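The values are calculated or read from the model by the stated rules, or taken from the named source; none is laboratory data. It should be emphasised that the depicted structure is a prediction, and the values quoted were computed from it without experimental measurement. Cβ atoms come from the backbone with ideal geometry, glycine included; neighbour counts cover every protein chain shown.
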Amino acid sequence: MILILLLFFVASIYVQQNKKKLIEDARKSIEVKYNSLVSINDIQLSLFEQFPNLSIQLKDVDVKGPKYNLHHQKLFLAKSISIRIKTWPLILGQIVFNKTKLTNGQLFIYTDKDGKRNIDEVKAKQNKSSNSFPEKIELNNFTIRIKDDQKLKDFNFLIHSLNIKTNETKSKILFNVKNKIAVKALIFNHQKGSFLRDQLLEGDYIVDYNKIEKIISVNKIDITISKIPFEITGQFDLKKNGLFYLNIITNNIPFQSAKSILTNNINRVLKEITITKPLNINAIIKGPLSGGEPTVIANWQVTNTNIGNSQIQFTSANIAGTFNNQVNKNLAPHDTNSSINLSKLIGNWHQIPIETNNIQISNLTNPLLKGGFKTEFNLAALNPPLNTENIVIKKGYGKFNIYFEGPLTNITENNTRLKGSLEINNGEIFIKPIKKIITNTFADILINNNTVEIKKLTTKTKEGSQLNITGISTNSLAAIPNSPGKANIILNISSPFLDLNNFSSSIQQDVPRFKKSGKNTFSRIDHILENETIHINLTAKSIKWQKLIANNLKSTIELNTGNWQLKNLEMNLGKGTIVLSTKMITTNNR
């Protein structure tokens with residue numbers, strides 16, 4: 001220790017007496033090595049900066065870079081550079097540097113729109129030398145930024161702390177790395193935003209550099225991104241036209257956290273979606289190191305989750321999906337060439353079981369949804385999603401098959417394709433406006449684009465009336481709020497026997513206006529009953545009303561906003577014929 005103090009004392013005196021010369025020598029050495037204008041404010045010898053070793057400290061180092069006059073961007077700044085000198089070689093009369101420490105600085109590598117880089121001449125100088133890496137490197141509060149205005153890239157990292165220990169042989173260098181780095185930007189294309197913005201990366205791992213092959217590789221290293229663990233395997237080929245490959249795996253990552261590491265463009269598609277349980281993700285990212293957007297394929301799974309948006313929710317769902325930003329391999333990776341696929345969705349929509357393997361969101365610039373599902377269910381489970389004041393399903397069995405193709409937002413009858421079918425078996429339904437329960441209901445209903453067709457519907461009232469119904473609704477996608485009167489609904493109802501006494505009480509009473517529900521719903525039934533005109537063609541072989549019995553009833557009825565209009569009612573009574581037209585206007589009870 002006494003010897004170390006003596007050496008420090010002697011060296012300090014030498015540094016103080018020769019400070020100007022030492023600063024100038026250091027400045028010229030850096031200028032020659034990096035082909036750049038350099039300024040150094042101070043130089044001193046320290047015992048305590050990297051105790052028990054001596055260290056040389058350079059203060060306020062400023063390296064403008066060879067292209068400063070062109071770009072006006074400084075290549076390198078550091079408040080302090082500390083270079084450690086090994087003690088025992090120094091005692092033997094040898095000066096051996098084994099650690100470089102940089103504090104409060106930045107390295108800025110810049111390429112302008114013409115492809116001119118501020119490190120081109122620096123690299124030319126460096127290629128002529130064969131300097132080895134320092135044994136140890138430490139960075140604190142240091143920014144590294146790589147900005148390329150030609151290729152629209154911007155990588156910006158704030159290094160809170162970085163410690164690197166090197167072990168070098170003839171063929172390779174092993175870097176033992178411990179870091180705490182904040183990602184300020186990881187932009188492969190300025191138009192699409194940054195990955196990992198404002199995320200904190202922490203890890204303790206080994207990086208392998210093959211000097212012969214010029215390949216950097218990592219194998220199953222563990223890092224955390226904002227405290228969430230990730231496993232990373234990767235390779236970077238530093239040769240000309242080299243490629244890189246990364247395999248990133250994480251388990252139990254919350255959906256919000258997963259979204260936060262993605263770009264704004266991807267988040268624009270995902271922002272309306274909620275997933276309540278954490279995901280398992282396995283992603284592969286690969287592409288050229290020279291520039292361009294990388295290919296990203298990410299597979300993800302989540303179990304027993306709720307998933308959906310403001311319009312639809314699936315519960316207790318098991319899901320597997322894939323994100324791919326290069327669907328067409330003949331085209332470059334791009335948002336327009338991207339898709340999100342659900343290869344598996346098993347869950348419940350309300351109490352209706354859902355299973356599908358063919359849902360896709362494509363073209364993330366103008367997202368399109370494509371896919372559908374089949375299900376078999378208890379009819380009563382339709383009550384919550386229908387969310388109507390006018391129909392209550394008591395029992396029955398249903399089969400539903402639907403396929404949708406269209407935009408995620410701004411859905412219109414012109415930009416949407418919809419196909420589906422609904423089969424009802426042995427249904428029992430309470431219809432509130434006429435206060436009747438219909439039973440033995442069987443139906444086949446088809447959906448084709450904006451047309452809904454009742455191919456067949458048969459039902460009975462408990463009092464014995466039987467109804468056979470067919471019908472069609474065209475322009476059905478227009479039957480949405482704020483667009484009244486656009487749908488065209490026609491129902492054809494026939495009956496071998498119709499007991500109007502079953503319906504007379506409800507016809508004679510004022511029909512209350514339908515209440516609007518505050519809930520979000522897929523159902524537009526209440527809206528249709530309130531706002532759309534429904535045309536009914538009614539025929540019955542025999543009818544009964546009070547004590548009157550008539551045959552061969554024919555009538556056209558229009559229902560609109562609670563009003564009933566009978567047109568051309570005709571029926572045979574005894575040996576005569578009755579023809580009638582009338583209009584019934586209902587009002588609220590006061």
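Quick grid of which residues meet (1) in a strand (DSSP E or B); (2) over 33 Å from the mean Cα position of the chain (by Cα); (3) crowded, with 17+ Cβ neighbours inside 10 Å:
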{"site": "PHE157", "(1), (2), (3)": "yes, no, yes"}
{"site": "LYS170", "(1), (2), (3)": "no, yes, no"}
{"site": "VAL177", "(1), (2), (3)": "yes, no, yes"}
{"site": "LYS184", "(1), (2), (3)": "yes, no, yes"}
{"site": "GLY193", "(1), (2), (3)": "no, no, yes"}
{"site": "LEU200", "(1), (2), (3)": "yes, no, no"}
{"site": "ILE216", "(1), (2), (3)": "yes, no, yes"}
{"site": "THR224", "(1), (2), (3)": "yes, no, no"}
{"site": "GLU231", "(1), (2), (3)": "yes, no, no"}
Pull out all pairs, ordered by first then second residue, where Cβ-Cβ is under 8 Å, the residues are six or more apart or on different chains, the first lies in segment 388-399 and is under 12 Å from ILE434 (Cα atoms), and the second is modelled with pLDDT under 85 and assigned to a strand (DSSP E or B).
ASN390/ILE431; ILE391/ILE431
Just a yes or no: is a residue in segment 314-324 touching a residue at least 12 places away in the same chain (Cβ under 8 Å), touching a helix residue (DSSP H, G or I) at 6+ places or on another chain (Cβ under 6 Å), surrounded by 15 or more Cβ atoms within 10 Å (Cβ to Cβ) and at negative phi?
no
Those residues of segment 287-304 which are within 17 Å of LEU262 (Cβ to Cβ) and over 19 Å from the mean Cα position of the chain (by Cα), in sequence order
GLY287
Taking segment 126-142 and keeping only residues that are touching a Lys or Arg at 6+ places or on another chain (Cβ under 8 Å) and at pLDDT 80 or above, one is left with GLU135, LYS136, ILE137, GLU138, LEU139, ASN140
Under the condition of being under 24 Å from PHE442 (Cβ atoms) and hydroxyl-bearing (Ser, Thr, Tyr), which residue from segment 377-412 is surrounded by the most Cβ atoms within 10 Å (Cβ to Cβ)?
THR388
